[in-house]
1. Here's a check for you: in segment 95-120, which residue that is surrounded by fewer than 16 Cβ atoms within 10 Å (Cβ to Cβ) and among the charged types (D, E, K, R) is modelled with the highest pLDDT?
2. Would you check which residues across segment 12-53 are surrounded by 12 or more Cβ atoms within 10 Å (Cβ to Cβ), at pLDDT below 90 and either assigned to a helix (DSSP H, G or I) or of a type in the set (D, E) (or both) and list them?
3. Evaluate segment 272-289: report whether one residue or more is buried (at least 22 other Cβ atoms within 10 Å of the Cβ), touching a His at 6+ places or on another chain (Cβ under 7 Å) and not hydroxyl-bearing (S, T, Y).
4. Among the residues of segment 193-211, are any outside any helix (DSSP H, G or I) and within 30 Å of the chain's Cα centre (by Cα)?
5. Mind listing just one residue for me: the one in segment 347-389 that is among the aliphatic types (A, V, I, L, M) and in contact with a Ser or Thr (Cβ under 8 Å, 6 or more places away or on another chain) and, of those, farthest from D334 (Cα to Cα)?
6. In the list R354, R381, which residue meets the criterion of being of a type in the set (K, R), touching a Phe, Trp or Tyr at 6+ places or on another chain (Cβ under 8 Å) and not in a loop (DSSP other than H, G, I, E, B)?
7. All but one of (1) outside the structural domain of L153 (by TED's automatic domain parsing); (2) surrounded by fewer than 18 Cβ atoms within 10 Å (Cβ to Cβ); (3) not in a loop (DSSP other than H, G, I, E, B) hold for V224, so report the exception by its number.
8. Applying the selection to segment 184-204, what residues are closer than 29 Å to I312 by Cα and either free of Cβ contacts under 8 Å to residues at least 12 places away in the same chain or in contact with a helix residue (DSSP H, G or I) (Cβ under 6 Å, 6 or more places away or on another chain) (or both)?
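The values are calculated or read from the model by the stated rules, or taken from the named source; none is laboratory data. Just so it is clear, the structure is predicted and the values come from calculations on it, not from any experiment. As a convention, Cβ positions derive from the backbone with ideal geometry for all residues, glycine included, and neighbour counts pool all protein chains shown.
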Amino acid sequence: MSDNKKPEKIVGIRGMNDILPADAPLWELFENTVQSVLKSYGFQQIRTPIVEPTALFSRGLGEVTDIVEKEMYSFVDSMNGDMLTLRPESTAGVVRSVLEHNLTYDGPKRLWYAGPMFRHERPQRGRYRQFHQVGAEAVGFSGPDIDAELILLCQRLWDDLGLTGIRLELNSIGNADERNRHRADLVAWFEQHRELLDADATRRLHTNPLRILDTKNPLMQEMVNAAPRLVDYLDAESLAHFEGVQRILRHNNIVFTINPRLVRGMDYYNRTVFEWVTDQLGSQGTVCGGGRYDPLVEMFGGKPTPACGFAIGVERVLELMKVEGEQPVASQCDVYVVHQGDTAQLQSSVVAERLRDAGLDVVLHCASAGAGASFKAQMKRADASGAAYAVILGDDEVNAGTVTVKSLRGAVGAGQQASVPFSAVAEYLVDQIVGEHEHDHDHGSHVHYKP
């Protein structure tokens, strides 16, 4: 006797989210804008694996960072016993690739990446277990000008995306010697106020005391604000570098705030650090973080090589785009092809291919389970597709060697239609859609049609 029990429904992992078709236009707008801005600054794309050796992150990020201690997805490779990790960030992987392939043999490199990262965290708005980052890494540049250029690049990206609610915070964390002198006094300060430290701060006291400065615990704020400031330990060279960054930003009218408590969570950072933050996303207010990481290449076995970069949290920027009103409309196509009758169905596929040859996006109506194939049902699908035009073929059109083109929306006016010879339909629709695009452009619309 067979078991007719319905299989249990499988759902996705919490914090690892599907990106649905309705979300695609916003992602595409962001990705296209990012790619355009990065290209305008001379950055080239690099793609590194999602899985890397665990040692890459424990050595680069630091054994006592939250990421390495609590957040990494690590596992043993069953084939050879290697310890592997789903990447929690991409800077370490990019630097590993630069070294492995000797990419800086002919000079410094401007590189950018995009893709999913993985951290085992409690999912909440703007913080997911699988999340996406876009980042830039400038490897081989030593001066403050590249630090400033990366910040200018971010400002251009926010402007091009129409985002206004983001502000820049800046700091310098100096070099290792300066941090060590500061660290000794900082630990002594926290020891004097041990009764105020929460569990996280107590755990970090002798391993990563700089991170205590970034606490959000209101009961610790007054004590932390009075703690020794790293900027007071910087030598002349570090101060000159930091002032050089600020000078370029001021000269380009970039507004920023010096935040002496700003640090980064990874061990490899030095000198300039920065964050772009917003008050519009609740507790997850950092949308972009970066800075200089001169020690990292040497930590991975390479020759001392200066470097600087940033990473943008894509989901957070998309949330901000929604908050500020940017919500592109999903559209499957420029043209939807409707047909009635066997001969018309055959001819409709030829029409669709000719329209695609002309550079148009075309959806051809195909049979689907539980959906009617009547003319009314097809026209309903055509309208729902977001297409500007429907191309209609029936027996009358096939016999006459024509198609009926019906406007569904736009400047021409919904409902207007024309009979067009089969041989001229591609040229006719291209002219109509380009005309629609020019009209929308004149009226400030963001709608885009390919010519």
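1. Per the criteria, the residue is E100.
2. Once the filter is applied, which keeps residues that are surrounded by 12 or more Cβ atoms within 10 Å (Cβ to Cβ), at pLDDT below 90 and either assigned to a helix (DSSP H, G or I) or of a type in the set (D, E) (or both), segment 12-53 yields D23, A24, P25.
3. No, segment 272-289 contains no residue that is buried (at least 22 other Cβ atoms within 10 Å of the Cβ), touching a His at 6+ places or on another chain (Cβ under 7 Å) and not hydroxyl-bearing (S, T, Y).
4. Filtering segment 193-211 down to residues outside any helix (DSSP H, G or I) leaves 193, 197-198, 205-208.
The next check asks that each one be within 30 Å of the chain's Cα centre (by Cα); those that pass are 208.
Yes; the residues of segment 193-211 include at least one that is outside any helix (DSSP H, G or I) and within 30 Å of the chain's Cα centre (by Cα).
5. Filtering segment 347-389 down to residues among the aliphatic types (A, V, I, L, M) leaves 350-352, 355, 358, 360, 362-364, 367, 369, 371, 373, 377, 379, 382, 384, 387-388.
From what is left, the residues that are in contact with a Ser or Thr (Cβ under 8 Å, 6 or more places away or on another chain) are 363-364, 387-388.
Numbers: V363: 8, L364: 11, A387: 5, A388: 5 Å.
The extreme case among them is L364.
6. Numbers: R354 fails: touching a Phe, Trp or Tyr at 6+ places or on another chain (Cβ under 8 Å).
Within the list R354, R381, the selection yields R381.
7. All conditions are met except number (2).
8. Selection gives A201, R203, R204.
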